[in-house]
Ligand code: NAD
């Protein structure tokens, strides 16, 4: 077996990004990829660091550091969100950019991977300060961004509002309206129908595909969902619609259990009236947050944050399948135990790729100057998610590996073979 000398960018094995690199290395070795190609796939194509002086509301000028890393453009223009968070740094952005390459490749959309970020704390900034920062970042990235080059999107700390400012600033500089430079925009600015619920929808489609393989009847199946934000609440609601009994949900306020099934629409309505929180929700009894992972349900959906299933709690899991709505919810060290227990894991780069798929549809609609109906978007998203699941499943059988490693094999093989045909780029 070939040994590779270059270390993963982050060395703490429980770090989700380092976990991603461990799985990447495993898939590369199974594919028998040359050391040369390994380095091509690992090293980002472009890394841009900019200093962004911004006038704050009190008249002071503060300089922020912003990053954009283009990991790969071999499959098409690069795609990836912009993160506003005090902890943003180049290593993190680099690893997240690679993550995007594999996610786009696994669902077979014609994008490479990128990620951007600014080290800042948006919770301590006014809307005006955030706007000036976003516009300064866009100006600094005018040569990087472009509908055929690199297409940003929201990530932690940014949303449709920031994407609207980016699009406006970019358009002013180009002297014309360029909607397709960014996705995740407000609907009136060329955002796509179906984008909000797209990630949860992909979770539902891949969960049902997995249940079919395990011969679990959705109408007799039970599930627990951690996280009741964008991904978790839509996944829960759509799974419920398909017959699955959602016995437990949770958010930062705690975990809620009802053996007979939680009324998900009532929980969503309650959350929306209650500052986005489930705190005080009466349709279930409260349980300890950690208990959610050990419930005797069929399907477990971690849809809150990274690194929640680790070698510390994995032994308690009773679910037959885990569908990763969140990015990196399972640590590398938990993988072996999960596999020994025979639990099927639909991995993050497949399960939560519904979001980037509808972002791609937003870009396509902007480019053709036409708006698709919600029905068309949902139908196409469902097909892409189902086809991707099947491809990963077949690969898992072919290589005799879990779905997670199979997803990396599918993605890496696609990017590596494209390199071979193009002869480098
Ligand atoms: P969100 O902010 O809308 O919701 C997060 C939810 O998790 C909230 O309900 C919050 O209260 C809850 N939460 C936070 N910490 C928790 C904890 N310790 N225990 C239980 N609940 C907790 O975020 P989101 O957009 O739904 O994203 C969730 C995850 O999915 C993240 O890992 C994100 O990277 C990933 N993801 C999101 C998208 C998307 O389109 N939104 C796409 C791909 C991946």
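Computed from the coordinates by the stated procedures, all read-outs in this text should not be read as laboratory data. None of these values were measured; they are calculated from a predicted model. FYI the Cβ positions are ideal-geometry reconstructions off the backbone, even for glycines, and counts take in every protein chain you see.
Out of 242, 215, 161, any idea which swings most in a Gaussian network model of the chain, alpha carbons joined below 10 Å?
Among 242, 215, 161, the largest mean-square fluctuation in the Gaussian network model of the chain belongs to 215.
Once you put a point 7 Å from the Cα of residue 394 and another 7 Å from the Cα of residue 213, both along the Cβ direction, what distance in nm separates them?
Using points 7 Å along Cα→Cβ, the separation is 1.3 nm.
Expressed as a whole number of Å, what is the distance separating the alpha-carbon centroids of the range 271-295 and the range 13-40?
Distance between centres, Cα-based: 38 Å.
Relative contact order for the range 295-353 using alpha-carbon pairs under 8 Å, separation at least 6, rounded to a whole percent?
That works out to 38 percent.
Sorted by average packing, counted as other Cβ atoms within 10 angstrom per residue and highest first, what order do 68-79, 130-141 take?
The most tightly packed comes first, giving 68-79, 130-141.
Kirkwood hydrodynamic radius, the chain, all distinct C-alpha pairs: what's the number in Å?
It works out to 22.0 Å.
Between residue 275 and residue 242, what length comes free when the chain is fully extended (0.36 nm per residue of separation minus the Cα-Cα distance, one decimal in nm)?
Gain in length upon complete extension: 9.1 nm.
Can you give me the three principal axis dimensions of the range 202-280 from its C-alpha atoms, in Å, biggest first?
Principal-axis extents of the Cα atoms in the range 202-280, largest first: 39, 25, 18 Å.
Between the range 46-121 and the range 377-418, how many Å separate their Cα centres?
26
Can you compute the helix-only [θ] at 222 nm over the chain? Use -39500 (n - 2.57) per DSSP H run of at least 4 residues, normalise by all residues, nearest 500 deg cm²/dmol.
Using -39500 (n - 2.57) per qualifying helix, the result is -14000 deg cm²/dmol.
Looking only at the range 198-351, where both bridge partners belong to it, what percent of the DSSP beta bridges are antiparallel (to the nearest 5)? Provide the component values of the computation, followed by the final result.
Numbers: 7 of 22 bridges.
Of those bridges, close to 30 percent are antiparallel.
At what distance in angstrom do the alpha carbon centres of the range 164-232 and the range 311-347 lie from each other?
So the two Cα centres are separated by 24 Å.
Rounded to the nearest 0.05, what FRET efficiency do residue 421 and residue 367 give with R0 = 25 Å and r taken as the Cβ-Cβ distance? Could you check?
0.50
Provide the gained length on full extension for the span residue 57 to residue 176, in nm with one decimal, where the gain is 0.36 nm per separating residue minus the Cα-Cα distance.
Residue separation times 0.36 nm, minus the Cα-Cα distance, leaves 39.8 nm.
Using a 7 Å offset from Cα along Cα-Cβ at residue 187, what residues in the range 364-378 end up with backbone N under 17 Å from the label point?
Correct set: 365-366, 370-378.
May I ask you to compute the full-extension gain from residue 312 to residue 142, defined as 0.36 nm times their residue separation minus their alpha-carbon distance, rounded to one decimal in nm?
56.6 nm
Can you give me the relative contact order of the chain as a percent, contacts being Cα pairs under 8 Å and 6 or more apart?
Averaging sequence separation for qualifying contacts and normalising by length gives 17 percent for the chain.
Assuming a viscosity of 1.567 mPa s and a temperature of 4 °C, what translational diffusion coefficient in µm² per second does Stokes-Einstein assign to the range 198-351, Rh being the Kirkwood radius over Cα pairs?
D = 87 µm²/s.
Taking Rh as the Kirkwood radius, which is the inverse of the mean 1/r over Cα pairs, what is the Rg/Rh value for the range 44-176?
0.97
Please report Rg over Rh for the range 315-425, where both radii come from the alpha carbon positions and Rh follows the Kirkwood definition.
1.05
Run the quick spin-label model on residue 220 and residue 285: label points 7 Å from Cα toward the beta carbon, then report their separation in nm to one decimal.
2.7
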